[in-house]
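Below you'll find the structure, written out as structure tokens, and then a few comments.
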Amino acid sequence: MNDSTTSELPKVWTWEQESGGQFASINRPYAGARYEAELPVGKHYYQLYSLATPNGVKVTTLFEELLEAGYSQAEYDAWPIRIGDGEQFSSGYVAANPNSKIPVLVDRSTTTPRRIFESGAILLYLAERFGAFLPTDPDVRTEALNWLFWQMGSAPYLGGGFGHFYNYAPETVEYAINRFTMEAKRQLDVLDRRLADHTYLAGEEYTIADIATWPWYGALALGRLYDAGEFLQVDEYQNLQRWARAIDERPAVRRGRMVNRLWGEPSEQLHERHSASDFKNRTQDKLEASSTE
């Protein structure tokens, strides 16, 4: 790797050039709407605006798990938000999520539509709403919440830290890659040690802690994230591998990964989701036509 040096920092930072990297065209040092546009609304109470990144997959997976478990009131509409095109900065989206990140959920079953943003908050909201995938035993519930919030606090080091400098940064910064690789592997070891003696993160019950963690660390363990499996030597975390493969085989997880997915194999994409029949009605021609719109 080539080491890069930096010049002396100014006393006061000013935004004089794009930040570089894949998302340079949309990054700004300020919040708020950039254009006027309302969000679409479907027929169900739950309206999800998202993309099949790890944080988005958390929520679509939980919805599909709820439906798989027989909670018919968990039907939802899922609308893709093309973050590369800046759709998260529309006035409608910013009204739902002032942080302009995906996902955001709007619950229209309430007198006034209720917004829920941040993926962990959405998982907790739905789990409590339906009384599912969050144990009622105080000890196990607390353990599930421990790991849910562990994931929320840890993933930025994996995504914005390791993932950015390893996969997206416009230049190689060896110090940053070494720093965040160290942390990524430490986190993998934390999970591997926990899963040595437990089937799932909270114990023997599959919970929102697993649903939150799998799209990040399960995908990493299975070689689907940042093309970094060999670099991080993920095969050495055998307990994590067992857990990742077991969750990967769940039908609801497979469906959840497809929703709002706009890239990859056409057979793995479902751009919008409005009913369970959408999974059966997909054809490659429809997907290819949709991708050119």
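Read-outs: derived from the displayed coordinates by stated rules, not from any lab. Just so you know, these numbers come straight off a predicted model, no measurement behind them. Cβ placement follows ideal geometry from the backbone for every residue including glycine, while neighbour counts extend to all protein chains displayed.
Figures for the structure shown
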read-out	value
Relative contact order of the chain, defined on C-alpha pairs under 8 angstrom at six or more residues apart (%)	22 percent
Counting DSSP beta bridges with both ends in the stretch 27-163, the antiparallel % (nearest 5)	55 percent
The stretch 96-163: radius of gyration and largest Cα-Cα distance (Dmax), Å	14.1, 43
Selected from Thr136, Thr213, Thr14 as most flexible by GNM, with the chain as the system and alpha-carbon contacts under 10 Å	Thr14
Projected area averaged over orientations for the stretch 138-250, convex hull of C-alpha atoms, nm²	6.6 nm²
Whole-angstrom gap from the stretch 236-252 to the stretch 34-113, using each part's C-alpha centre	27 Å
Rh by Kirkwood over Cα pairs, then Stokes-Einstein D for the stretch 1-135 at 0.692 mPa s and 37 °C, µm²/s	195 µm²/s
Taking the stretch 202-264 and dividing mean pair separation by its residue count, relative contact order in percent (alpha carbons under 8 Å, at least six apart)	25 percent
Listed peptides 110-122, 44-56 by packing density, highest first (mean Cβ within 10 Å)	44-56, 110-122
Candidates Leu67, Leu270, Leu201: whichever shows maximal mean-square fluctuation once the chain is modelled as a Gaussian network with Cα springs under 10 Å	Leu67
Share, in percent, of DSSP beta bridges within the chain that are antiparallel, nearest 5	60 percent
Options [x] 19.2; [y] 20.3; [z] 18.5 - which one matches Kirkwood radius over Cα pairs in Å as calculated here	[y]
Integer Hz, Karplus 6.51/-1.76/1.60 couplings in order for the stretch 194-208, x for Gly and Pro	5, 7, 5, 10, 9, 5, 10, 5, 8, x, 9, 10, 6, 9, 4
Of Ala95, Ala155, Ala184, the one that fluctuates the most in a GNM where the chain has Cα springs shorter than 10 Å	Ala95
Normalised contact order of the stretch 138-250, rounded percent, pairs of Cα under 8 Å and 6 or more residues apart	28 percent
Karplus (6.51, -1.76, 1.60) ³J(HN,Hα), θ = phi - 60°, over the stretch 267-274, in Hz, Gly and Pro reported as x	5, 9, 10, 9, 4, 10, 10, 10
Å³ per residue enclosed by the Cα convex hull of the stretch 172-214	67 Å³
